[in-house]
1. About its Cα centre, what dipole magnitude does the chain give when the only charges are +1 on Lys and Arg Cβ and -1 on Asp and Glu Cβ, stated in debye to the nearest 20?
2. What ranking, highest mean first, results for peptides 175-182, 104-111 when packing means the other Cβ atoms within 10 Å averaged over each residue?
3. Take Thr226 and His59, extend 7 Å from each Cα along the Cα→Cβ direction, and tell me the distance between the two endpoints in nm.
4. How much length would be gained if the chain were fully extended between Arg43 and Leu178, taking 0.36 nm per residue of separation minus their Cα-Cα distance, in nm to one decimal?
5. Mean projection of the alpha-carbon convex hull of the chain over all orientations, in nm²?
6. Given bins 10 angstrom wide, list per bin the percent of all Cα-Cα distances in the stretch 30-165, short to long.
7. What is the extension gain from Ala71 to Gln99, computed as 0.36 nm multiplied by their sequence separation minus the C-alpha to C-alpha distance, in nm to one decimal?
8. Report the local net charge at Pro46: Lys and Arg +1, Asp and Glu -1, summed over other residues whose C-beta lies under 10 Å from its C-beta.
Amino acid sequence: MRRRPSTPCSTATASAPIPLDEAPASRDHRVAATQAFIAANLRLLPAPGIPDIRLYTAHAASRLSRLGRSADTPPYWAYNWAGGTVLARHILQNPGIVQGRRVLDLGSGSGIVAIAAAKCGAAEVTAVDVDPDAIAAIGLNATANGVAIRAVQTDLLSAEPLSVNVVLAGDVFYDAALAGTMLPFLQACREKGMEVLIGDPRRTPLPIGQLNLVAEYAVPDFGHGTGEIIGGVFGIEP
Ligand SMILES: C[S@@+](CC[C@H](N)C(=O)[O-])C[C@H]1O[C@@H](n2cnc3c(N)ncnc32)[C@H](O)[C@@H]1O
């Protein structure tokens, strides 16, 4: 099953709180400084494959090295990933998955999946990432798309699952060690009755044998130029 882009959803807002630790003031300062950098040095462009969503995107002159990031934390939030794109497209084409529901976007990066959920009428959307610069990017990207998203810097994987209805995880199986903690967390969410959807172009660490394929779409991916690859949307059996 391959589907072409279509975005029947409109803008919605989501703001009700989920009990997570708020960022301390020093982190807020870093987020504000990063947002100023992003607004000045990245381009607000239609997301490849999902033109209804616009994202601040890095280009050759962005020189993200000026953010002073360590070499082992790539700026994933500045680029598009097939896993997030395929999941965002699936949500936009099937808004009932999130409509009126509390949604967590785990490993949110640019926020593309969270933005799709908010545009489709989710009751509240929380975007979580370990990278503080992703939190900055999600805030800017949410504003650019006219939606409200609660962006929180935290690593949930060793914590109890949050109280949400739907957990969305786009392209978070890119690393074997991360995959080893991501799968048990998502399985625990599923066991607690949450709907779990993973978007992924079958990267090597994806535990495909423990997932069920829900849909497939041809989507662009970082590093593949203007070409498309097949991305999958996967569920976890209860
Ligand atoms: C390849 S990017 C995908 C971003 C976005 N979901 C998308 O598809 O465009 C993976 C993201 O997961 C985040 N991440 C990695 N480990 C994480 C963890 N333990 N908890 C939350 N986010 C994590 C990274 O910082 C990065 O932003």
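1. Working: 19 positive and 21 negative charges, 133 e Å.
Computed about the Cα centre, the dipole is about 640 debye.
2. 104-111, 175-182
3. Modelled inter-label distance: 1.6 nm.
4. 45.6 nm
5. 11.8 nm²
6. The calculated distribution, bin by bin, is 13, 46, 33, 9, 0.
7. Working: separation 28, 0.36 × 28 = 10.08 nm, distance 3.88 nm.
Full extension of this stretch gives 6.2 nm more.
8. My count for the surroundings of Pro46 gives 0.
Rule-based calculations on the coordinates, nothing more; no lab input. Not measured: the values here are computed from a predicted model. Cβ coordinates were reconstructed from backbone atoms using ideal geometry, including for glycine residues, and neighbour counts include every protein chain displayed.
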